[in-house]
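Accompanying notes for the structure given below.
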Amino acid sequence: MPRQLISLTINGREREVAVEPHWTLLETVREALDLTGSKEGCGTGDCGACTMSVDGRIVTSCLMLAPQVNGRQVTTIEGLQSNGSLDPVQQAFIDTGGLQCGYCIPGMIVAARNLIDDNPSPTLDQIREGLAGNLCRCTGYTKIYEAVELAAERIRGGA
Amino acid sequence: MAQETKVRESTGTDANGHTAVGQRVTRLDGAAKVTGKTVYADDMKMPGMLHTSVLYAPHAHARIKSLDTAKARAVPGVHAVITAADLPDYNRKDSNRTGLIFPDKEVLFFGQPVAAVLSEDPHVAAEAVELIEAEFEPLPAVLDAVAAMEKDSPLVRDPLHDVDRSEERGHVSVETKETEQEGEPSNIASSAPFERGDVAAGFAEADIVIERTWRSAMVHQSYIEPHATIADYDISGELSVWTSTQAPFYIRDELAQAFGIPENRIRITATEVGGGFGGKIYLTELMVAALAIAVKRPVKYIMSRKDDMLAATPAPFAHIELKTGMKRDGTLTALQARLIYDSGAFPGAPMLPGCMLIGGYYRCDNIDIKGYEVLTNKVSVGALRAPGAHNATFAIESHMDIMAKELGLDPLEMRLKNAVAEGDLMPNGQTYPAIGLRECLEAIADSDVWRRRREVEATPNRGIGLAVGGWLGGLQPASAIVCLNPDGTLNVTVGSADITGTNTSFQQITAEVLNVPLDMVNVETGDTKTAPYAGMSAGSKTVYTVGRAVKAAAEDLKQQMFELAMKRLEVEPEDMEVANCQVQVKGAPDRAMTFKRFGKLSTNFGAPFPVIVGRGSIAARKTAPGFTAQAADVEVDPDTGDVTLHGYAIAQDAGFAINPLSVEGQMQGGASQGIGIALWEEMRYDEDGRLLNPNLLDYRLPTSRDLPPIETIIVEVPSEEGPFGARIVGEPSIVAGPAAIGNAIDSAVGARQHEVPITPERLLRSMGKL
Ligand code: FES
Ligand code: FES
């Protein structure tokens, strides 16, 4: 199949990639850009394991086609650390024990970071609503709620 | 937030002087997981690797008339199309799901793998698989397990022979007289009786007798990572498999048998498991290994979500008939039950643990329990966290509530009056060791959820429900190695797959025994060629058994250092201790040798000491059953039948919580799965046996919108054999949910729920509104 050249900014770096037009964003990032942090749990938009941020908005990247992100800014879990240190959201998930098998975690953390960016002081209900598209089968969510509350608090405190 | 641990403040040194165990420790692999660095099987690539797409049977029961693969083979980019006829020789076991790769004559369930296409491009493989021309002749499909037991039912399959039940034994140890299929051909794969006393006399003695039937749907483990396996076979006869499994050594032994390869030439690497819950023991590995042997190239098979829903090993539907008798004072006088577990097209349904639990929570002199494992033309079932337990518990714990209500007794007091304790009998006649069922009931009485009961129940359509649960646990020998490095740090190697944070618990155990800071200890799971043997990470036994081996290995290492130090410190080992990363004379800490010094003296050129390697190897003989009590606070919308969960509390006996942070995580995670089974989860089939909801939209899992924070109370009744008194932890938490929610709904709207999931439709029907 003929490939098509697209350019996108991935985790702050501009990249050109040759894609087949039917490739999903998830596939493109995992296979062509070799960033395997984002996971496929369903491929049908139902689990959130593939969550990325495109131009600051959350998407399920398994449903988006690669050509749709031409010229746009994409952030994956690999883009959250800065200067060699963890993002406060990442640190909070470790500290509260908000992870077990870890498969949902990259998508969950990208979604949580976005939630806090939009609303620096989310209530418990807002957290529960905001993460409803990200399934976690292991934790029962309790420690994930704690992680998001802790992260928001630390970010407000200037962490 | 409501989340709290009431039992023990775990910072610093606890009451027993522990410094490492009993502390809330974050996971060793936490940073890798939050950064996306952790490598799962789907993230791996091998040079020359081929991708697999599988053809799944489109009928629940059919004869295979022909399989024409010519068109599929002709697709550019297809490397091979493999059917039963193209497989390499293997020791085929038709009576086991994992003993049969592709059938050649007959398919037994909708979704059974029939053939595979291999290509360097996964899209090409997926396209080509559609071009396999398969002709089937449909046969009568047996779909209802209860009807399948009738004498005149059509048969699901040819009779079973030489069934291998080793996988089931990994989850639970039950001693019983189980009968395998015998005599006249029938769909009953096995049955088992559990009897004591005289039930007729027990019912005669009772003031009330309740008799009901309880049904629980087939549910899927729904780990977020579907099954994923890579295999490679090299010409010298070495087989390597990287796979998302809880059971690397078990797979090794099975593949060795299947292909006649010696166990020392097989390397199984348990890649990071993206959730297993009992469903990732051994499934795709045989097929992928056979494909790799056939084409002599690395082969990768990643199940799509749909593949996984169709053709993995979900948890069974169960139909349970229960009759109980009770005296006015709350004494249970008789319990009679018939438990029917739908095994699907191959044996493996967890009927035995269901029987053990239905008669195992409460003292009762007269019991008569019969369990049946029944075949149907549905996907064969496997383990899901405490396999078989929630089905049976839904029945008995709903009964307890009905009886309490009819007799005007407090449901908690009445349970406490009957609850088993150390020395009481299990249904198979064994006696319980020290257990914490009563302590869990006492702890849940103190939960926020239970304490607000009166107030909540005064609110229309709100109610609080209570239920207990438990799991007996598996047993298997285990081993571990601890090595001392030249810089004084320590490496622990185990063979158990770490899913829930068990390696972090091993770090704590080692640090505790050697009295060193946690960061002096690192822990690694090796593959089956490099790690010492460990059983499968199933049956809640990893910390309970491998943890004991780690403790023994650390103690062995300590003893070796003591003996080596005798000459230099001029005292006997009894007069030495470990502290501050050194071996020192008791009472004279300046007469000491540091771990670092031992490290150097045992590794440098010309050094005098042998290398210091601690070895731990244990047999596990005694189970340490884990119990739980849970309370749910629900609100029912009487018009729509929707249920809102306002609160949920779980108390569970962990024996001793080596890492309270991960124990709480296990409790909350299991509780959420129990809630899912209670309210939403169900694999639905049409009248031809086709799965109607093979995706995560129509198969509904609990979301954050559904689940409030779960209140967590750790109870600690020490076990006899477990490290520091720890007992099994992973599984009990899932068991009580369906009954707790059912009881809460009855308390809210006075409508008893006899079937889970309690869908709005079932709920409205029970209220007489449909
Ligand atoms: S993989 Fe994209 S939503 Fe599940
Ligand atoms: S940590 Fe396993 S799915 Fe969330």
Chain A: most fluctuating residue of A:Met52, A:Met108, A:Met64 per GNM, C-alpha cutoff 10 Å: A:Met64
Do any of A:Lys143/B:Lys558; B:Lys33/B:Lys300; B:Lys105/B:Lys370 go past 27 Å between their Cα atoms, and which? A:Lys143/B:Lys558; B:Lys105/B:Lys370
For region B:476-618, build the charge dipole from Cβ charges (+1 Lys, Arg; -1 Asp, Glu) around the Cα centre, then report which of B:Phe562, B:Met536, B:Val550 sits farthest towards its positive end. B:Met536
Tell me which aspartates and glutamates have Cα within less than 17 Å of B:Lys65's Cα, excluding those fewer than 8 residues away on the same chain? B:Asp86, B:Asp104, B:Glu106, B:Glu133, B:Glu135, B:Glu137
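How would B:Thr459, A:Thr36, B:Thr284 line up from fewest to most surrounding beta-carbon atoms within 10 angstrom?
The most exposed by this proxy come first: B:Thr459, A:Thr36, B:Thr284.
Going by C-beta contacts inside 10 Å, put B:Leu322, B:Leu407, B:Leu67 in order with the fewest on the left. Walk me through the numbers before you get to the answer.
Numbers: B:Leu322 23, B:Leu407 15, B:Leu67 20.
In order of increasing Cβ crowding within 10 Å: B:Leu407, B:Leu67, B:Leu322.
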Give me the net charge for the shell around B:Asn264: Cβ to Cβ below 10 angstrom, other residues only, Lys and Arg +1, Asp and Glu -1. +2
Mind checking which aspartates and glutamates have their Cα closer than 16 Å to the Cα of B:Lys769? Skip sequence neighbours fewer than 8 apart in that chain. B:Asp637, B:Asp639, B:Asp642, B:Asp746, B:Glu761
Taking region B:632-683 and dividing mean pair separation by its residue count, relative contact order in percent (alpha carbons under 8 Å, at least six apart): 23 percent
Say the dipole of region A:88-156 comes from +1 at the beta carbon of Lys and Arg and -1 at that of Asp and Glu; which of A:Gly98, A:Val148, A:Thr123 then lies farthest toward its positive end? A:Gly98
Kirkwood Rh, Cα atoms: Rg over Rh of region A:88-156: 0.91
Under Stokes-Einstein, region B:541-614 at 10 °C and 1.306 mPa s, with its Kirkwood radius over C-alpha pairs, diffuses with a coefficient in µm²/s of 122 µm²/s
Show me the trypsin sites (Lys or Arg not before Pro) within region B:498-600 that DSSP assigns to loop and that have at most 14 other Cβ atoms within 10 Å of their Cβ. B:Lys586
Could you go through region B:263-268 in sequence order and give the Karplus-derived ³J(HN,Hα) for each residue, using 6.51 cos²θ - 1.76 cosθ + 1.60 with θ = phi - 60°, rounded to whole Hz, and x for Gly and Pro? 4, 7, 10, 10, 10, 9
Assigned charges on the beta-carbon of Lys, Arg, Asp, Glu; chain B dipole about Cα centre (debye): 1180 debye
Around B:Arg684: net Lys/Arg minus Asp/Glu count, Cβ-Cβ under 15 Å: -4
Cα pair distances exceeding 48 angstrom across chain B, given as percent: 21 percent
Long-range amide H partners of A:Leu65 with built H, under 5 Å: A:Leu25
Would you mind checking the radius of gyration and Dmax of region B:654-698 based on alpha-carbon positions, in Å? 16.5, 50
Which entries of B:Lys37/B:Lys529; B:Lys177/B:Lys405; B:Lys177/B:Lys323; B:Lys551/B:Lys622; B:Lys529/B:Lys567 have Cα-Cα distances beyond 29 Å here? B:Lys177/B:Lys405; B:Lys529/B:Lys567
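For region B:338-439, count all C-alpha to C-alpha pairs, find those more than 23 Å apart, and express that count as a whole percent of the total.
Result for the distance tail: 33 percent.
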Which residues in region A:3-18 place their backbone N less than 20 Å from a point set 7 Å from the Cα of A:Arg72 along the Cα-to-Cβ direction? A:4-18
Bin by bin, in steps of 5 Å, what percent of the Cα pairs in region A:4-79 do you find, going until the bin that has the longest distance? 3, 19, 32, 30, 14, 2
Can you tell me what percent of all Cα-Cα pairs in region B:114-180 are more than 13 Å apart? 80 percent
Where only alpha carbons of chain A are counted, the Rg and the Dmax (Å): 15.6, 52
Which residue, B:Ser222, B:Cys355, B:Asn461, has the largest displacement toward the positive end of the dipole of the protein assembly as shown when charges sit on each Cβ (Lys, Arg +1; Asp, Glu -1)? B:Ser222
In this structure, the FRET efficiency calculated for A:Asp34 and B:Ala126 from their beta-carbon separation, with R0 = 25 Å, to the nearest 0.05, is 0.70
So, by mean Cβ neighbours within 10 angstrom, what's the order for B:447-453, B:150-156 with the highest one leading? B:447-453, B:150-156
P(r) over all Cα-Cα pairs of the protein assembly as shown, 10 Å bins from 0 to the longest distance, whole percent per bin, short to long, reads 2, 12, 21, 25, 21, 13, 5, 1, 0
Please compute the alpha carbon radius of gyration of region B:277-328, then divide it by the globular-protein estimate 2.2 N^0.38 Å. Two decimals is fine. 2.04
Taking 8 Å as the Cα distance limit and 6 or more residues as the minimum spacing, I'd like the relative contact order of chain B as a percentage. 16 percent
Determine the principal axes of the Cα atoms in region B:476-618, then give the extent along each, sorted from largest to smallest and rounded to whole angstroms. 47, 33, 24
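Coordinate-derived values only; no laboratory data. Please read these numbers as outputs of a predicted model, since none were measured by experiment. Because the Cβ atoms are built from the backbone with ideal geometry, glycine has one as well, and the counts that use them run over all protein chains shown.
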